[in-house]
Every structure is written in structure tokens, then in C-alpha cells.
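Reviewing the structure listed below.
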Amino acid sequence: MKRRAFAALAQAMPTGSRLLLLIEKTTIGLGEAWAAQLKLSCDLRVVPVQGTMRDVDLWIQDPLLVAEHNGLPLLLPLQDTDHAGQHAKWLTQAGCRLGLAPPLHLTGGNMLTGKNFRLVGASSIENTKRIGDRPVTIEEALAGHAALDARPVHVFGFNLPRRGDKPGLAQQPHHLDLVVSLTGIDTADGRPVLFVADPRKTLDPDGPRMVGWAEQLDASVDRLTADGFAVLRNKVPYLPHPIYAPNPMLRAYNNVIVENDIRFEQGKSRPLVWMPQFGDLEPELALYDSANRLAWEELGFESIPVYGWSAMTRAGGALRCASKVLTRR
């Protein structure tokens, strides 16, 4: 089932794009045979990995950041993160340069980078306080994140009361890219447009909201709005999975890949968004599939549905988590 989801993502990549596929060196033949039968439109390059890849290594978004040096990708490995791995080292075989790990608690899934801003999850700021030789203040931790890039940092989260201390910030869920999407679009008055998930507890997208979690996301949206963002809400199910779990689980419709430049040479007239879809394995979620596609299409995008991601629900991610954009043209 997981292989089906990754196959669908690879097949959705258009002509003119290059896909790097990390495969263990000991199984390189099997991996190449699997990739060959997909009949991909994109340019595929298989990158052999020395050693053993863990299950968690499928989430390549988390263990590294990507900068640019002399027009080439500069990869910054993140060791103080939820899913530290060797991805940055492996990708040096594809011509990428290896940089120094920043002294921050950060994970690729907990930072979104826009044209002139960065959005970082509150938990990354809080956890950075405990890195290094001594604990640092929240202000020092935030300054460390701000020093990573010239773009201003905004924090995603909600106020969390504390006894005997001034209020702190928390976030839900643990990675903001599971519930926040950057669109790359600004309003007429210059506010960046975001999608933030609106969690529902029924199969009907217009049904009741998930009490507790909905209020936390509402509070996070209030902070984003106060910081100058224009926030749209997209309805997502927070429901038990029919196969994997009796407890409610998020379907990460916000975990998308966005391309704002238009591929005129390929007959496109709108920017593209690749969207995870869950209704092929969970037919009861077909209304959520279509509602989320429509939300992006109303914003001017062409939506590209990528099926099979219900199988990845328990693993906790979707398209963005499973990919890393190294360069854009």
C-alpha cells in the first residue's frame, strides 16, 4: 500500500521535472525495476544509499533544510529533530553540497518558507531552549531561528497558560505542515494567503467540528491573522481509520506540493498544486477529496490529485512530508 502511494506521487511529476529516488544499494536492482514499470513522465535518477534505511526515513522533508550556494543546493542536516537521518549525506551523490547543521531544534515539517517570510512551529522554538551548553530564554531561541535566514520569522501556535510564569506557546499538531499550506499568493494589500485546516469529526465536511483541536487551530489562526496573514480554512476529517486505528486520526489534506510558476510550454494556464487524496482507499472520504480540490481551484490553481495516501495516515504524513524540493527553475 505504501509503495502504491509513492508510485502515484512519482507518476504525477510532469515532464521537465527531475525526480531523485533514494534506494538502498543492496536492493538497487529491484528499485530500478519497480521505477521502470511506472512509465514516468519526469526524468528519474536513482540514488544508491549505503547502509540500511529505516521506516521513518521515508519522510525526507524532516531531516534537512535546503539553502543555495553558487546556484547549487546546499543541504543543512538537522540532528536536533524528530526524524534525524542521513538524507543530506546521501544526496551529495546527486551533486548537492553538504553544509553545517544549525544549532537549532528544527524539522523540515515544522517550517514553511514563503517569498518574504518564514513560519516556524512553536514547539521548535520551545525545544531550542534546551539545546547547547545551557538553557536559553525564549527570546534567545527565537533569535537563533531568525539568524538562519534574512526573512522575518513568524511563530505558529496558541497561548498555553503556565503556573507561576508568563504564558507560553504550544502548537497542535507536532508539525505545522500537516495543517498549514502556503499558497504563494498575496492579497491586493500584500498579505500572504494561507490555508489552515478546519477539523471535522464526521464524514460530512459540513458536520460538527472536532472540539478542542478546532479551538486550538482557531487560536493559531488568530495569531497568524494578527501577524498579517490572510487565512482561508479547508475542512479536513479527524476520524478513526477503518483499518489502522480506532482512535481519530488526521487526514493531512494540507500536506501539499505547490508550484506557482505556470508551465505555459506544457499547455498549462494555471499554477499547480499536487494534493493527497484518501477516497480511493476510504470511499467515505470522497466528499473531503473533492472539497479540498475545489478550495484550491477557487483560488486559481489546477489541482493534481495523488491517490493512495490513506495507507500513510498512521505514519503521519502525506506528499510534502515524503518529498524535498532541492531546486526550482
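The values are calculated or read from the model by the stated rules, or taken from the named source; none is laboratory data. Computed from a prediction, not measured in an experiment: that's the story for all the values here. Cβ sites come from the backbone with ideal geometry, for glycine too, and all protein chains shown count toward neighbours. These accessible areas exclude ligands, DNA and RNA; they are computed on the full protein's heavy atoms, side chains included. Shrake-Rupley method; radii C 1.70, N 1.55, O 1.52, S 1.80 Å.
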Solvent-accessible surface (1.4 angstrom probe) belonging to Leu20, in square angstrom, nearest 10: 50
Most mobile of Ser220, Ser123, Ser41 in a GNM of the chain (Cα contacts under 10 Å): Ser41
Compactness of region 224-276, expressed as Rg and Dmax over alpha-carbon positions, Å: 16.5, 47
Rg/Rg_globular for the chain, with Rg_globular taken as 2.2 N^0.38 Å and Rg from C-alpha atoms: 0.99
Approximate spin-label separation Ala143-Asp206, in nm, with each point projected 7 Å along Cα-to-Cβ: 5.3
For region 1-158, with +1 on Lys and Arg beta carbons and -1 on Asp and Glu, the positive-most of Leu112, Ala10, Leu58 along the dipole: Ala10
Carbon + sulfur, % of accessible area of region 245-291 - ligands and nucleic acids excluded, 1.4 Å: 57
Within region 223-329, percent of DSSP bridges classed antiparallel, to nearest 5: 60
Cut-off under 5 Å, modelled amide H: who pairs with Ser17 long-range: Asp43
The chain - accessible surface per residue (Å², probe 1.4 Å): 48
Candidate lysines for bridging to Lys25, where Cα separation is under 30 Å - those fewer than 8 sequence places away on the same chain excluded: Lys2, Lys39, Lys89, Lys324
Share of carbon and sulfur in the accessible heavy-atom surface of region 146-210 [1.4 Å probe, %]: 54
Anchor Lys201: lysines whose Cα lies under 25 Å away (excluding residues fewer than 8 positions away in-chain): Lys235
Cα-based equivalent ellipsoid of region 230-329: semi-axis lengths in Å, sorted from largest, via gyration tensor: 26, 15, 12
Whole-number D in µm² s⁻¹ for region 1-134, Kirkwood Cα-pair radius fed into Stokes-Einstein, 37 °C, 0.692 mPa s: 199
Charge dipole magnitude, Cβ of K and R +1, D and E -1 - the chain, Cα centre, debye nearest 20: 540
Region 203-242 - charge dipole about Cα centre, Lys and Arg +1 at Cβ, Asp and Glu -1, debye rounded to 20: 80
Taking region 88-220 and dividing mean pair separation by its residue count, relative contact order in percent (alpha carbons under 8 Å, at least six apart): 20
Binned Cα-Cα distance frequencies in region 62-221 - 10 Å width, integer %: 10, 33, 34, 18, 5, 0
Charge dipole of the chain about the Cα centre (unit charges at C-beta), most positive-ward option of Val325, Leu19, Gln93: Gln93
Charge context of Ala35, other residues only, Cβ under 12 angstrom, K/R +1, D/E -1: +1
Length-normalised contact order of the chain in % [C-alpha pairs under 8 Å, at least 6 apart]: 14
